[in-house]
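First comes the structure, then the notes that go with it.
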Amino acid sequence: MKKFNIEFIQSELRNMPGWAYTNGYLEKNFVFLNFKDAMIAMVRIGFEAEKLDHHPDWSNSYNKLNIRLRTHSVDGITENDFSLARKIDELVSFMNKH
């Protein structure tokens, strides 16, 4: 698995609204209508993360969810992180439309 350099990471993030490269992680904060919606998002993301065998560092407080992604085995950002970030955006976007 190839670890991406900062220039590539920043280039990719231009097409991923809300995601940032912070302290070595891809990071995004989400705000939901309520606690239940935040929990539903976490469960759905959890299933997708398990399928990819790539698990986020995250925290939740009521309707807020902070997600941080990093490939620990290479101590950096890889395609796995970008793939999961895109999947997370897709899942949250779908939730917000229904």
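Can you list the lysines whose alpha carbon sits under 27 Å from that of LYS64, skipping same-chain ones fewer than 8 residues off?
The reachable lysines, counting only those whose Cα sits under 27 Å from LYS64, are LYS28, LYS36, LYS51, LYS87, LYS97.
Mind putting a number on the dipole of the range 18-97 about its Cα centre? Charges go on the C-beta only, +1 for Lys and Arg and -1 for Asp and Glu, and I need it in Debye to the nearest 20.
Computed charge dipole of the range 18-97: roughly 320 debye.
Working out 0.36 nm times the residue gap between MET16 and MET95, then minus their Cα-Cα distance, what length gain in nm do you get to one decimal?
Gain on stretching MET16 to MET95: 26.7 nm.
Run the numbers on the chain and let me know its relative contact order in percent, using alpha-carbon pairs under 8 Å that are six or more apart.
Relative contact order here is 32 percent.
Just add up the charged neighbours of ALA85: K/R +1, D/E -1, any other residue whose Cβ is under 15 Å from the Cβ of ALA85.
0
Could you estimate the translational diffusion coefficient of the range 3-86 from the Stokes-Einstein equation, with Rh from the Kirkwood formula over C-alpha pairs, at 37 °C and 0.692 mPa s, in whole µm²/s?
Approximately 249 µm²/s, per Stokes-Einstein.
Using only Cα atoms and rounding to the nearest 10 degrees, what angle (0 to 90) does helix 35-52 make with the longest principal axis of the chain?
Between the helix axis and the principal axis of the chain, the angle is about 40 degrees.
Which whole-number percentage describes the relative contact order of the range 22-78, with Cα contacts under 8 Å and a sequence gap of 6 or more?
Once divided by the residue count of the range 22-78, the mean separation gives 45 percent.
In whole angstrom, note down how far apart the Cα centers of the range 34-64 and the range 1-26 are.
20 Å
When you count, for each residue, the other Cβ atoms within 10 Å and take the mean per peptide, how do 63-71, 39-47 rank with the highest first?
Highest to lowest by the protection proxy: 63-71, 39-47.
Throughout, read-outs are computed from the coordinates displayed, never taken from laboratory work. Fair warning: this is a prediction, and the values are worked out from it, not measured in the lab. Cβ: placed from backbone, ideal geometry, glycine included. Neighbour counts: every protein chain shown.
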